[in-house]
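The values are calculated or read from the model by the stated rules, or taken from the named source; none is laboratory data. What you see is a predicted model, and the numbers here were worked out from it, not measured in a lab. Glycine gets a Cβ as well: all are built from the backbone with ideal geometry, and neighbour counts include every protein chain shown. Ligands, DNA and RNA are stripped out before the accessible areas are found, and what is left, the full protein with its side chains, is counted by its heavy atoms. Shrake-Rupley method; radii C 1.70, N 1.55, O 1.52, S 1.80 Å.
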Amino acid sequence: PGRARRLLLSQLFQPLNLQAGGEAGWEGRPGEPLCRSQKLMLQGGLIHPASPGCYYYLPPTVRAMEKLVKVMDEEMQAVGGQKLNMPSLSSAELWRASGRWEQMGPELFRLADRHGKRYCLGPTHEEAVTELVAAHSNLSYKQLPLRLYQVTRKFRDEPKPRFGLLRGREFYMKDMYTFDASEEAARRTYDLVCDAYCNLFDRLGLPFVKVRAATGSIGGTVSHEFQLPADVGEDRLVLCPDGHFAANVETLNGEQTSCPTCGEKLTQTRGIEVGHTFYLGTKYSSISNAVFLSPENKPQLAEMGCYGLGVTRILAASIEVLSKEDSIRWPSLIAPYQLCFIPPKRGSKEEEGAALLEQAYDDLAEALPHLAGDSVLDDRTQLTIGKRLKDANKLGYPYVVIAGKRVCEDPPVFEVWNQNTGEVLFLTKEGVIELMSKVQVP
């Protein structure tokens, strides 16, 4: 209890490499393309390469990720989601039963334990969750719909991991699996979860499109992807300019060039897939015999759906689509820190303003305790204000509060930069607190 300790930039474990051009800290082969989010995340001390497709996530990235997961939890729990956690190790028998041990080929990370029993590191958990539900055979129709989800590390042995967190071999995913009593109910669940995904991307302020998609190795009969249009995207999309139709080109028969609804010419774009939904029917429940008792007390196969959001991919993709070439822009809701305070340069004539700025930092933490851990003080006072403001801009703090020339007025006036709108306000301490009281954090 007591006063929140000030977070000093010099003490944060965020090894900045902001001066570096192009290929800062890049472990790949010469000439390999580097996308904007990867470059900015490496320079900003947000990630550090470990091995191809695997990264250390540094503390600011973990903060952003935890905020994103909180927003996901809110959306999933609003549709009746219950959170659980399943093992990363999944037995080969389970995957053989579904046919995916062979079907997934070299994409599965496979290993054997000391007794020679085979496993894979789960890239996804359809088999595991269906086995779990099937083990509770006295499930009644009254307990349905069942909507179970988790946020865990996933593993895929990508042939060519690239673009930082956009295409990795180890990543975080939110995956939900639903069990319903009928096809009609399962399709209602499908629409409900798709709406929750739309809501999530709207809250993050991300320019997404929902497109018809192929079911691939997951299977099922209906599938949609949530895509962020971006030049580095690996998916090719066709969109109706009036929004009637959107699809991944892999779902089209031949060359479809006009919208089936209005006849307008379809535009082509590339996208980064950040979410994927599937209506599975009884594909997995029939293998594991995941049944519930109907009103007539007869065992009946559950109708399933599965729904994935790439947690770490959303972080990187949002930086990719929102940022400028040399400065990060986060979705405001999940920025690692909302606020950066910049005191005057040591030895400058405004130096007495340093104590006033620290007082403003402490008063804000007291008045708005939910922002106490969201404020950073850039204590590198050997550097000019301009240099530190430039760094703050590159790191993408939504707000920067500066003790500049007007801090010596009575009452003291601070310079406040809103990085997302580019506007600069001159506010008293009370004005800063008033402005920040409107800021939302999950």
- The condition of being open to solvent by 10 Å² or more (accessible area, probe 1.4 Å), outside the structural domain of Leu280 (by the TED database) and either farther than 29 Å from Pro331 by Cα or not hydroxyl-bearing (Ser, Thr, Tyr) (or both) holds, among Pro49, Pro87, only for Pro49
- Task: With the condition kept exactly as written, say whether any residue in the stretch 66-74 is touching a residue at least 40 places away in the same chain (Cβ under 8 Å), more than 28 Å from Ala128 (Cα to Cα) and of a type in the set (Lys, Arg).
- Result: no
- Query: Somewhere in the stretch 318-335, is a residue touching a Phe, Trp or Tyr at 6+ places or on another chain (Cβ under 8 Å), outside the structural domain of Val413 (by the TED database) and of a type in the set (S, T, N, Q)?
  - Reply: yes
- Note on the structure: Residue count, the stretch 72-86, condition in a helix (DSSP H, G or I) and of a type outside the set (A, V, I, L, M, F, W, C), comes to 4
- From Ile314, Ile319, Ile342, which residue is of a type in the set (A, V, I, L, M) and either touching an Asp or Glu at 6+ places or on another chain (Cβ under 8 Å) or at pLDDT below 95 (or both)? Ile342
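When you scan the stretch 206-224, how many residues do you find that are of a type in the set (Gly, Ala, Ser), surrounded by fewer than 18 Cβ atoms within 10 Å (Cβ to Cβ) and in contact with a helix residue (DSSP H, G or I) (Cβ under 7 Å, 6 or more places away or on another chain)?
2
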- Item | strands (runs of 3 or more DSSP E) completely within the stretch 360-427 that count 1 or more residues being in contact with a His (Cβ under 7 Å, 6 or more places away or on another chain) and open to solvent by 50 Å² or more (accessible area, probe 1.4 Å) | none
- Query: What residue, of Ser90, Ser98, is in contact with a Cys (Cβ under 6 Å, 6 or more places away or on another chain) and among the small types (Gly, Ala, Ser)?
  - Reply: Ser90
- Matching residues, the stretch 189-222, being modelled with pLDDT of 95 or more and within 18 Å of Leu301 (Cβ to Cβ): Thr189, Tyr190
- Within the stretch 238-253, is there a residue that is closer than 18 Å to Tyr190 by Cα, in contact with a helix residue (DSSP H, G or I) (Cβ under 7 Å, 6 or more places away or on another chain) and assigned by the TED database to the domain that holds Val69? no
- Return a yes/no flag: does the stretch 132-148 have any residue that is open to solvent by 50 Å² or more (accessible area, probe 1.4 Å), under 22 Å from the mean Cα position of the chain (by Cα), under 30 Å from Lys298 (Cβ atoms) and not hydrophobic (A, V, I, L, M, F, W, C). no
